[in-house]
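Structure, as structure tokens:
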Amino acid sequence: ECYIKLNSREDAKREFKRSTELTKSEIPYLSLARIHVAENRVNEAIEVYSEAL
């Protein structure tokens, strides 16, 4: 979340991807998908949402 506030999306994506490997929580998936949507990368967001299920 800090990287998002600093407008460092690439760093945020990297850390959220790492978080998805370390936890079973859906929160990092949702955050990562939200970044993809903000970048108008809807297909990638859909993939991430699917992984969260």
Item to check | Residue tally, condition part of a helix (DSSP H, G or I) and either of a type outside the set (Val, Ile, Thr) or under 11 Å from the mean Cα position of the chain (by Cα) (or both), over the range 33-45 | outcome: 9
Next on the checklist: Could you go through the range 21-41 and let me know if any residue there is surrounded by 11 or more Cβ atoms within 10 Å (Cβ to Cβ) and modelled with pLDDT under 90.
Outcome noted: yes
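The values are calculated or read from the model by the stated rules, or taken from the named source; none is laboratory data. All of these numbers come straight from a predicted model, not from anything done at the bench. Here Cβ is always computed from backbone atoms with ideal geometry, including for glycine, and neighbour counts include all displayed protein chains.
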